[in-house]
Amino acid sequence: MNIILLGPPGAGKGTQAARLVAERGMAQLSTGDMLRAAVKAGTPVGLQAKAVMEAGELVSDAIVSALIGERLDKADTAEGVIFDGYPRTAAQADALDLLLLERGRALDWVIELEVDEAALIERVVGRYTCANCGAGYHDRFKSPVVVGTCDACGAHAFKRRPDDNAETVGTRMAEYRAKTAPILPIYEARGLVRRVDGMADMEMVGSAIGAILAERTDRARPGSVSVPARG
Ligand code: ADP
Ligand code: ADP
Ligand code: ZN
């Protein structure tokens with residue numbers, strides 16, 4: 001099962017990807033996480049990406065597609081992958097087709113998280129993560145059970161992203177509208193797109209995604225259905 005989670009910054013892609021990793025053993029391929037790791041490590045890619053990310057603009061297609069290609073070759077992707085924050089442009093969508101084809105894999109679904117843009121600023125600005133394990137939290141929508149202690153690993157240090165401020169979010173939204181939203185019709189034409197209400201609470205969004213994945217599994221089961229599996 002290989003799926004793309006598509007939606008503007010703060011839509012809930014990372015939150016839902018983490019659930020799928022925990023529940024289904026899929027691998028989360030987040031180009032944002034990969035780029036942040038590169039920035040932190042001071043690699044050539046990181047040096048090139050840092051200022052672009054801080055401005056809320058898009059890193060070059062060649063860089064992110066190369067990162068995805070390398071990641072797809074790791075063994076933990078065998079159970080399926082969740083593309084989180086990739087592809088973000090038509091060129092990346094084309095590159096992904098090739099990367100999958102070369103590896104004998106295919107996309108099962110493109111799941112669009114439909115959200116109200118006005119609510120996203122608050123989501124992004126209130127976001128923080130555990131500095132140790134990366135678990136995601138929110139000032140208003142998801143506090144740790146014990147204040148100041150990560151639910152997942154018990155650590156006490158948290159961090160915020162430098163680009164999660166109201167000003168940069170505006171640029172990131174504009175990039176989404178201009179470059180990412182236009183790739184949906186490509187996938188729509190292939191019958192791959194399913195929409196989920198991303199304004200529902202996290203649990204409900206998770207069950208809606210689960211239902212879509214279950215549908216695909218049913219279709220793929222030989223003899224159980226009238227609709228042929230996509231090949
Ligand atoms: P994305 O990866 O799409 O940028 P995240 O998954 O990081 O978005 O979510 C952004 C912030 O909003 C996080 O702090 C997360 O805890 C919170 N969040 C995610 N989904 C929901 C939801 N359905 N309702 C309320 N808050 C949410
Ligand atoms: P969010 O889900 O909140 O939009 P990400 O963590 O996915 O944030 O991305 C953070 C930043 O990393 C983006 O604003 C952009 O600068 C860069 N980035 C991540 N993925 C891509 C991509 N596929 N193409 C170009 N730039 C990317
Ligand atoms: Zn933690």
- Within segment 80-116, track down each residue that is small (Gly, Ala, Ser), over 25 Å from GLY198 (Cα atoms) and within 15 Å of ligand 2 (Cβ to nearest atom). ALA91, ALA95
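Is there a residue in segment 74-90 that is touching a Phe, Trp or Tyr at 6+ places or on another chain (Cβ under 9 Å), modelled with pLDDT of 95 or more and of a type in the set (A, V, I, L, M, F, W, C)?
no
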- When ILE3 is evaluated against the numbered criteria (1) within 11 Å of ligand 2 (Cβ to nearest atom); (2) within 22 Å of ARG194 (Cβ to Cβ), which criterion, by number, is the only one it fails? (1)
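Tell me the residue from ARG105, ARG127 that is within 13 Å of ligand 1 (Cβ to nearest atom), of a type outside the set (A, V, I, L, M, F, W, C) and modelled with pLDDT of 95 or more, please.
Working: ARG105 fails: within 13 Å of ligand 1 (Cβ to nearest atom).
Testing whether each residue is within 13 Å of ligand 1 (Cβ to nearest atom), of a type outside the set (A, V, I, L, M, F, W, C) and modelled with pLDDT of 95 or more leaves just ARG127.
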- Query: If you check every pair at least six apart or on different chains, which have Cβ atoms under 7 Å apart with a residue in segment 187-213 that is over 15 Å from ALA17 (Cβ atoms) first and a residue that is open to solvent by 40 Å² or more (accessible area, probe 1.4 Å) and of a type in the set (Asp, Glu) second?
  - Reply: ARG195/GLU114; ASP197/GLU114; MET199/ASP116
- Message: Looking only at segment 154-191, how many residues end up being within 17 Å of the chain's Cα centre (by Cα), charged (D, E, K, R) and away from ligand 2 (no atom under 11 Å from the Cβ)?
- Response: 1
- Note on the structure: Scanning segment 104-156 residue by residue, those closer than 30 Å to ASP73 by Cα, more than 16 Å from ligand 3 (Cβ to nearest atom) and either open to solvent by 50 Å² or more (accessible area, probe 1.4 Å) or assigned to a helix (DSSP H, G or I) (or both) turn out to be GLY104, ARG105, ALA106
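The values are calculated or read from the model by the stated rules, or taken from the named source; none is laboratory data. Bear in mind the structure is a predicted one, so any value in this text is a computation, not a measurement. A quick note on method: Cβ atoms are made from the backbone with ideal geometry, for glycine too, and the neighbour counts reach across all protein chains shown. Areas reflect the complete protein model, heavy atoms only, side chains present, ligands, DNA and RNA absent. Shrake-Rupley method; radii C 1.70, N 1.55, O 1.52, S 1.80 Å.
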